[in-house]
């Protein structure tokens, strides 16, 4: 009779440890809300350059652990935009260097999983956005930064997007090329 109770106790202990590990990993994984809370609790105003760099690095690391849908949710909260606007141009460039490659990779993976109808909506929205001339957008990132972003995006697009996605996004690529040639 002693052996079955020992086995039951050992199994219960193993399940408790496994449950604790699962709980801890879920709690440690950032969510859009936890990233937004972190940004709000760590404003860049009135802190040293070293502290600013640490906060920016922490936010970038947390954002890179969000999936595409979670990044979209964070953008809807608009906290990341306010955070970005409080950065200096050099900090913005560093932040983009830290977050863009992973963001583009996740975007391509998400596009590959979408239905053609969903992708068509995104294509139309992207074309509409490219048609709009928004002087506010021009001031956030310098021309060199825009060229770098386009380059990284195109590299990720050609590397990670499926043939179907590439075909459907051809009008967006053409519009981007025209906008770049016009100097926007």
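A few notes on this one:
- Helix 116-131 axis versus longest C-alpha principal axis of the chain: approximately 50°, rounded to the nearest ten.
- Förster radius 22 Å - calculated FRET efficiency between residue 126 and residue 159, Cβ distance, rounded to 0.05: 0.70
- If you plug the beta carbon distance of residue 93 and residue 18 into 1/(1 + (r/R0)^6) with R0 = 30 Å, you get a FRET efficiency near 0.10.
- Cβ-derived FRET efficiency at R0 35 Å, residue 75 paired with residue 166, nearest 0.05: 0.90
- The stretch between residue 34 and residue 51, if pulled fully straight at 0.36 nm per residue, gains 4.2 nm over its current Cα-Cα span.
- In plain terms, the C-alpha convex hull of the stretch 12-102 casts an average shadow of 7.1 nm² when viewed from every direction.
- Mean separation of Cα contacts under 8 Å, 6 or more apart, over the residue count of the chain: relative contact order %: 21 percent
- Percent of C-alpha pairs per 10 Å bin, the chain, short to long: 8, 27, 31, 17, 8, 5, 3, 1, 0
- For the stretch 72-117, fraction of C-alpha pairs farther apart than 13 Å, in %: 67 percent
- Calculated [θ] (222 nm, deg cm²/dmol) that DSSP helices of n ≥ 4 give over the chain, each run adding -39,500 (n - 2.57): -27000 deg cm²/dmol
Each reported figure results from applying straightforward, stated rules to the coordinates on display, with no laboratory input. Please read these numbers as outputs of a predicted model, since none were measured by experiment. Counting neighbours? That spans all protein chains shown, and the Cβs are built from the backbone with ideal geometry, glycine included.
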